[in-house]
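The values are calculated or read from the model by the stated rules, or taken from the named source; none is laboratory data. Computed from a predicted model, the values in this text were never measured in an experiment. Glycine gets a Cβ as well: all are built from the backbone with ideal geometry, and neighbour counts include every protein chain shown. For the accessible areas, the whole protein counts, side chains as well, though only heavy atoms, and no ligand, DNA or RNA atoms are used. Shrake-Rupley method; radii C 1.70, N 1.55, O 1.52, S 1.80 Å.
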Amino acid sequence: MATAKDVWLFRIVHQDTGKPAQGVPVTVLDKQGNSSGHWVSDGDGIVAVPRRDVAKLRLRVGLRSEDPIELATATLSDEPTPLAAPSQLPPTSDATRREIPAPSSSPLPPGTRAGEPPEVPGHVLYFQRLALFAERPAPPRGGGGATRDAVADFFALAGDDSPAMRYGALIEVEEYWQSLGVQWGELLYSVTLTPGDEAKLVVLDGRWRREAEGRERPLQILARMVGTSMLGDMVSALRPELQLDALTLTEPALDAAAADTVQLVRDRTERMSNALRRRPLGVVDAPADTPATGAVRTVRNTTRDRLVTFHFFEPLERFKVMVRSPHVRPVIFVPFRLPHVATPDVVGRFGYLFRRTLLDRGLLPELERLLGGEAPDAAINRLLEHIEANLLYYSTAIISAGDPAARHVALAKLRDPTGRPLTDVIENTVVGRVGNTIALPLRAGAANQLAPEWRDALAAYHAKPLRVSESFVTTIPHPGVWVNAQAGEPMQRQQSDAQEAAG
């Protein structure tokens, strides 16, 4: 084993008990924040880091989500320096098998302490679904039904014959995610090193988007896979709710629609959790031409008399997901005429919105050039053609995220189906879109003008809303990989045992 002159010793301890923490990954970071070595604490919580000729040592204790710490090397003594382990620890493993502890069937309620760390606060994901109230069909002209050769034109833009206003409901569902702890996942790669040897490996992780502004949390990515954002990346700044597929209600049965929405959210959550784990992830030997999408990791055998095997695992986290009782409130769908927004003047006026909602991020340089005052050329014309091809999406972004006062002026010119000024019965907030109509919540008392069957259905649901008590458990991956080091017996002992067996 390396002497105290060759290594710095650290003892990883639990925050609440002060006892040694085994199996905690420790990473040494360089000045740029890149990894320059990985180690894992042993049964006594000890980590031996080779000494370096630096004034300050940057360490990260735990996963990549933990903040790094800096230690002045002049203050490090020959005795182990205690470091606090993160609150969430991976389960330990022995040299022959990996066991994942089963979560408690009845976790302690928040605030309860029984010799264990308190529960980590959960996360809440918000989803919403628009439901249109079916209108009474008009009698067919001439006594005939629908033409047999009718076809749908999915590429036609809305014209002047926009549909009339109609009523509907907004179904809001919340998912509460309570962590049951992290655990080891699938074994990805193993490498055995002789004393003093090192290996450079590449982690190829294709599960996450790499953005310049930072990486989203796994739960945020999963939520975007379950629902869709009405305004692209602006949803995090304006409204946290994600849209589900709209539906049309032919019967005033809001409880059935709410139950169907709850089941839809659960089914999609389970399917998307599995789909996220099926995305590519692997660890391979670092070639000379390492892919730009790969992260290079270096592992070293710092011992002097034994082999060390490094195992790379997929980090996972189990969650107990509880769907809360859905809320239902009335809305009105207001049609809008598609403006001519694919012009340099309009793009320059709403440039702050186009920066956040641009669907094709590869066109951002052309957008910045246009906003900088450059004359349109072939590249900028491609940007304008893209906006023209997605006119409905960008029109919704401008209406929803634009100036509320300007939106109020436009809505004040309209009247609801009963003849009242529209701004007297709505809230000036766009909660969704269906086709070329935006959904606006009705104010309290404004639902009295609905048809009797729908008004009674809303009142009945508010008096006795759907109660949801079911929960389910799902597992989602975390970015990066976990490394576990297993040291073998001293090589001299193995040689003596072999000689005794031969003699």
> Applying the selection to region 422-432, what residues are surrounded by 15 or more Cβ atoms within 10 Å (Cβ to Cβ) and in a helix (DSSP H, G or I)?
Replying inline: Leu422, Thr423
> Within region 489-497, is there a residue that is in contact with a strand residue (DSSP E or B) (Cβ under 6 Å, 6 or more places away or on another chain) and either in a strand (DSSP E or B) or modelled with pLDDT of 90 or more (or both)?
Replying inline: yes
>> Just to check your reading of the model, which residue among Thr269, Thr248, Thr261 is modelled with pLDDT of 90 or more and in a strand (DSSP E or B)?
In response: Thr248
> Where in region 367-421 are the helices (runs of 4 or more DSSP H), entirely inside, with at least 1 residues that are surrounded by 12 or more Cβ atoms within 10 Å (Cβ to Cβ) and of a type in the set (Asp, Glu)?
Replying inline: 378-389
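Residue by residue, here is whether (1) over 20 Å from Arg433 (Cβ atoms); (2) open to solvent by 30 Å² or more (accessible area, probe 1.4 Å) holds:
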{"residue": "Arg300", "(1), (2)": "yes, yes"}
{"residue": "Asp305", "(1), (2)": "yes, yes"}
{"residue": "Phe313", "(1), (2)": "yes, no"}
{"residue": "His327", "(1), (2)": "no, yes"}
{"residue": "Val347", "(1), (2)": "yes, no"}
>> Looking at region 39-60 only, could you name the residues that are within 32 Å of the chain's Cα centre (by Cα) and more than 17 Å from Gly23 (Cβ to Cβ)?
In response: Arg58
> Given the conditions (1) open to solvent by 50 Å² or more (accessible area, probe 1.4 Å); (2) under 30 Å from Arg443 (Cα atoms); (3) not hydroxyl-bearing (Ser, Thr, Tyr), and given that Val334 satisfies all but one, which numbered condition is not satisfied?
Replying inline: (1)
